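Trainee: This is the structure I have questions about; it appears just below.
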Amino acid sequence: MLNTKTIRKSFPAIEAGRLISNNAASTQIPVQLLDLLNGLAAGYENVHRGQSQASISITEMFESSYDTIAQFIGAPSKKNIILYRNTTEAINSVMYSLMTEFKDGDNVVTTHMEHNSNFVPWYGMAKEILPKFGINVEYRLVKFDKETGVLDLEHMKSLVDNRTKIVCCTGASNFLGTKNPIKEVRKIADASGYEQPNGMKKSYFLLDGAQTVPNIYIDVKDLDVDFLAWSFHKMLAPFGVGALYAKEEILQSMRPFLYGGDMIADGSVYPHTLEYNELPWKFTAGTPNILGTILSAQALRLLMDFSLNPGQEVYFMTGKKLEPSEVEKAMDNIETHEKELAAEALELLSEIPLVEIYGPKDPADRTSLFSFNCPGINPYKLAEELNKCGVESRAGCHCASLAHRYYDMKPTIASCRLSFYVYNDLEDVRKACDAVKKCAGINS
Ligand SMILES: Cc1ncc(COP(=O)(O)O)c(C=O)c1O
C-alpha cells in the first residue's frame, strides 16, 4: 500500500475534512503545486517570445516540462508530445488532423464503452463533416460483455478490415472500470492491412488514456500505440492541460490541427507559402498554457515521489530523469494500492441486496472506480443523499452514454459512481460504502 498517511498531508481538501471519492472526474491539487504556482509569479513571462532573462528561464522550464511528460510514458522525446486543454481536445485534434486523409468507404472502429470524447468526434466527422465533401465514412462500435464488462475482441476483429483507418479504444473504462487488453487491440489494428498515406500498412491505434495514464504504467514504445491522449487534472494537476502522444513519423506527415503563431518556422511565412516549425511546436499554435504545463509536469514528478519517496522530494522540482524502471515501479505501487481499495469496495458494495455493480468482479481487472445502481433508488437521489453524509459521488452517465444505453437502464439512464485515488485509504472506502448502504436503506 502507498503511505497515504504522509500523502494526505499534502492535500488541503483532505485536511479540510472532505472525503474525496469522485476522483475519476478530477483529482485534488496538492499544496506543493499551489506553492509552486505562487513561486512562479516573480518570473512570470511568455515563452518563445522575448529575450529577457525571465522569458529565457520560463521557456527552459516550459520546454523541460515536455521532457518530463515524455519520460513518464516512455516516449522517445519531447517531439512526440503535443499539449492541449484536455483529453477531449487531444482526440479532436487527431480527428481534425487526419480528416482530410479519409477516403470514401473508410471506417473508424471504436467501442460501446468509450467516453463520449472518443466517440462523438468520430460521429461528427462521419455524420456531419465528411458527407459535406462527398466522402462517406462509417463508424463501427465494438460490443462488450454486459456481465463481465470485458471488451469483445472477437467482435472487434470482425469489424476491423482493410478500410479501417483508425481503431480508437479506451485503456480503462470510466464507467465499468475495465482495464482493456491494449496489446491485443494493437495486434488487431496491425492486422488490418489498411494503407496509410505515409506508407504504413495497418490501422492507426488511438488509446484514450484518461483513466489509464493516472492509474497504470504505460510505456508507449512497448504498447506501440500511434496516439495516446490523457488529462493531467485526473492525476493531481490543476485543470487545463491534456496531452497527445503520437509517433514522430505520423506527426511529421500529419496536417496541423490549429494554425497560427509559433507553429510556423519563424521568418518562413510568405504570402503564398510557409514552413511549419519543428516538432512538437508544429502543433502548438498560439500562446500555450505555460503555467499549466509546468504544473502538470511537476504533478507527474510529485506522483513519483508520493509513490516511491513519500515525504521527500527526489523528483519534484529536480531535474532527475524519470527512468522507465522507476516510473514502472511507481505506477505498479499505485496500481497495487488501487487494487486493494477496489477489493474492499467490491466486497462492501456487494453486501447491498440486489445492488448492480457494473464491470469486472475481480479487482485485478479494474481500476478503483465503481458504478452501481441500488434497486428502487434513483442514482441522482442516491448521490444527493450521499452528499448529505459527506460522501462525494457522481450520478449520471459519466459521459459513457453509449455504455449506459447498452444496459438499457430504466427508468433513468444513469448510475452512481465512487472513485478513489492515491490519497484514499481503506478507511475512506469503508466510510463511503457504509454511506451507500445507509442511503440505500440498509443498516450497516
Ligand atoms: C475515459 C475517459 N476519456 C476521456 C475523458 C475526457 O477527459 P477530459 O474531460 O479531461 O477531456 C474522460 C473524463 O472523464 C474519461 O474518463
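So that you can scan it fast, the table gives a plain yes or no per residue for (1) away from the ligand (no atom under 16 Å from the Cβ); (2) over 25 Å from residue 266 (Cβ atoms); (3) polar (S, T, N, Q); (4) in a loop (DSSP other than H, G, I, E, B):
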site: 25; (1), (2), (3), (4): no, yes, no, yes
site: 42; (1), (2), (3), (4): yes, yes, no, no
site: 61; (1), (2), (3), (4): yes, no, no, no
site: 90; (1), (2), (3), (4): no, yes, no, no
site: 97; (1), (2), (3), (4): yes, no, yes, no
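Trainee: Let me ask something else. If residue 410 passes every condition in (1) at pLDDT below 95; (2) within 15 Å of the ligand (Cβ to nearest atom) but one, which one does it miss?
Mentor: (2)
Trainee: Could I ask something else about it? Which numbered condition trips up residue 34, out of (1) outside the structural domain of residue 422 (by TED's automatic domain parsing); (2) within 26 Å of residue 227 (Cα to Cα)?
Mentor: Going through the list (1) outside the structural domain of residue 422 (by TED's automatic domain parsing); (2) within 26 Å of residue 227 (Cα to Cα), residue 34 breaks only (2).
Trainee: Same structure, new question: All but one of (1) in a loop (DSSP other than H, G, I, E, B); (2) of a type outside the set (A, V, I, L, M, F, W, C); (3) out of contact with any Gly (no Cβ under 8 Å at 6 or more places or on another chain); (4) within 16 Å of the ligand (Cβ to nearest atom) hold for residue 255; state the number of the condition that does not hold.
Mentor: Only one criterion in (1) in a loop (DSSP other than H, G, I, E, B); (2) of a type outside the set (A, V, I, L, M, F, W, C); (3) out of contact with any Gly (no Cβ under 8 Å at 6 or more places or on another chain); (4) within 16 Å of the ligand (Cβ to nearest atom) is unmet by residue 255, namely (4).
Trainee: Any idea which of 203, 268, 253 is outside the structural domain of residue 9 (by TED's automatic domain parsing) and crowded, with 21+ Cβ neighbours inside 10 Å?
Mentor: Exactly one residue qualifies, and that residue is 203.
Trainee: Within region 116-138, is there a residue that is closer than 30 Å to residue 372 by Cβ, part of a strand (DSSP E or B), at pLDDT 95 or above and not charged (D, E, K, R)?
Mentor: No: region 116-138 contains no residue that is closer than 30 Å to residue 372 by Cβ, part of a strand (DSSP E or B), at pLDDT 95 or above and not charged (D, E, K, R).
Trainee: Select from region 117-150 the residues that are of a type in the set (A, V, I, L, M) and within 12 Å of residue 99 (Cβ to Cβ) and write down the one among them that is nearest to the ligand (Cβ to nearest atom).
Mentor: 125
Trainee: Restrict the check to region 393-401 and report whether at least one residue is within 16 Å of the ligand (Cβ to nearest atom), assigned to a helix (DSSP H, G or I), under 21 Å from residue 210 (Cβ atoms) and among the hydroxyl-bearing types (Ser, Thr, Tyr).
Mentor: yes
Trainee: Kindly provide the set of residues from region 123-167 that are among the polar types (S, T, N, Q) and touching an Asp or Glu at 6+ places or on another chain (Cβ under 7 Å), ordered by number.
Mentor: Correct list: 136 only.
Trainee: Could you please let me know if residue 176 is surrounded by 18 or more Cβ atoms within 10 Å (Cβ to Cβ), over 29 Å from residue 338 (Cα atoms) and not assigned by TED's automatic domain parsing to the domain that holds residue 403?
Mentor: no
Trainee: Right, another one. Kindly provide the set of residues from region 330-339 that are touching a helix residue (DSSP H, G or I) at 6+ places or on another chain (Cβ under 7 Å) and among the charged types (D, E, K, R), ordered by number.
Mentor: 339
Trainee: Among all residue pairs at least 6 apart or on different chains, which show Cβ distances below 8 Å where the first residue, located in region 165-188, is at positive phi and the second is small (Gly, Ala, Ser) and assigned to a helix (DSSP H, G or I)?
Mentor: 177/342
Trainee: Another question, if that's okay. Which of the following residues is crowded, with 16+ Cβ neighbours inside 10 Å, within 16 Å of the ligand (Cβ to nearest atom) and polar (S, T, N, Q): 21, 10, 55?
Mentor: Working: 10 fails: within 16 Å of the ligand (Cβ to nearest atom); 55 fails: within 16 Å of the ligand (Cβ to nearest atom).
On inspection, the qualifying residue turns out to be 21.
Trainee: Something else: Out of all the residues in region 103-113, is one or more touching a residue at least 40 places away in the same chain (Cβ under 8 Å), part of a helix (DSSP H, G or I) and buried (at least 22 other Cβ atoms within 10 Å of the Cβ)?
Mentor: No: region 103-113 contains no residue that is touching a residue at least 40 places away in the same chain (Cβ under 8 Å), part of a helix (DSSP H, G or I) and buried (at least 22 other Cβ atoms within 10 Å of the Cβ).
Trainee: Which residues, taken from region 33-52, are touching a helix residue (DSSP H, G or I) at 6+ places or on another chain (Cβ under 8 Å) and loosely packed, with under 13 Cβ neighbours inside 10 Å?
Mentor: Those that are touching a helix residue (DSSP H, G or I) at 6+ places or on another chain (Cβ under 8 Å) and loosely packed, with under 13 Cβ neighbours inside 10 Å: 44, 49.
Trainee: Continuing with the same structure: Does region 379-409 hold any residues that are over 20 Å from residue 144 (Cβ atoms) and not hydrophobic (A, V, I, L, M, F, W, C), and which are they?
Mentor: 379, 380, 381, 384, 385, 387, 388, 390, 392, 393, 394
The values are calculated or read from the model by the stated rules, or taken from the named source; none is laboratory data. These numbers were taken from a predicted model, which means no experiment stands behind them. As a convention, Cβ positions derive from the backbone with ideal geometry for all residues, glycine included, and neighbour counts pool all protein chains shown.
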